[in-house]
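Take a look at the structure below.
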Amino acid sequence: MLLPPKSQEKIFKELLPDLPPEIEELAIEFKAFTRSRKIKTIDELLRLVFLYCGLDLSFREVAGNLTMQDVRITDEAVRKRLRACQPWIKASLFEMLPSKKLDDLPEGLRFCAFDGSSIQAPGATGTDYRLHIGIDLVTLEFTHLLVTDKHTRESLKN
């Protein structure tokens with residue numbers, strides 16, 4: 001594994017000012033950063049998140065990248081840290097992308113979008129499974145997740 005190019009370091013430094021000023025307080029509030037052991041600062045935690053989410057590296061590649069920067073961490077520790085970061089990142093995104101207040105929907109109604117995607121196994125020539133996902137467009141949370149065989153089509157019944 002090679003050290004990250006200087007351009008990645010430069011990009012990371014350029015992204016930091018664009019983050020909400022209260023990102024550190026949010027990290028502590030949402031328990032993404034509880035103590036400084038292997039990951040000593042919130043900037044290092046952000047680097048971990050950006051490596052995984054932004055550069056699409058695997059847990060092991062993120063761990064190797066951080067280890068080369070004198071942060072010895074395992075891929076399992078990276079996975080646990082990222083899992084703990086989910087509420088923090090979600091709250092940070094809501095701070096960065098504020099939405100105007102929508103009128104409350106009548107009781108019992110939601111505004112959702114649904115999609116059915118085809119999934120192929122490695123080496124397959126056709127569809128093996130279908131993934132049906134529903135998302136609440138107001139809260140941006142998944143409401144439905146269903147994996148079916150290839151014979152189940154997109155339908156409101158799902």
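The values are calculated or read from the model by the stated rules, or taken from the named source; none is laboratory data. Since the model is a prediction, treat every value here as computed from it, not as a measurement. Note that we place each Cβ from the backbone using ideal geometry, even for glycine, and neighbour counts take in every protein chain shown.
A few notes on this one:
- Per the conditions (1) more than 17 Å from the chain's Cα centre (by Cα); (2) touching a residue at least 12 places away in the same chain (Cβ under 8 Å), the sole criterion not satisfied by residue 7 is (2).
- Taking each residue of the stretch 80-92 that is free of Cβ contacts under 8 Å to residues at least 24 places away in the same chain and looking for partners that are surrounded by 18 or more Cβ atoms within 10 Å (Cβ to Cβ) and assigned to a helix (DSSP H, G or I) with beta-carbon atoms closer than 9 Å, six or more apart or interchain, yields nothing.
- Only one entry of 57, 26 meets the criterion of being surrounded by 11 or more Cβ atoms within 10 Å (Cβ to Cβ), hydrophobic (A, V, I, L, M, F, W, C) and either in contact with an Asp or Glu (Cβ under 9 Å, 6 or more places away or on another chain) or in a helix (DSSP H, G or I) (or both), and that entry is 26.
- Index of the failed condition, residue 44 passing every other in (1) more than 17 Å from residue 70 (Cβ to Cβ); (2) modelled with pLDDT of 75 or more; (3) in a helix (DSSP H, G or I): (1)
- Selection over the stretch 82-141 of residues that are hydrophobic (A, V, I, L, M, F, W, C) and more than 18 Å from residue 24 (Cα to Cα) gives a count of 16.
- Qualifying residue in the stretch 66-89 (condition: among the charged types (D, E, K, R), in contact with a Leu (Cβ under 7 Å, 6 or more places away or on another chain) and surrounded by 14 or more Cβ atoms within 10 Å (Cβ to Cβ)): yes
- Selection status of residue 121, over 29 Å from residue 18 (Cβ atoms), of a type in the set (Gly, Ala, Ser) and either in contact with a Lys or Arg (Cβ under 8 Å, 6 or more places away or on another chain) or in a loop (DSSP other than H, G, I, E, B) (or both): yes
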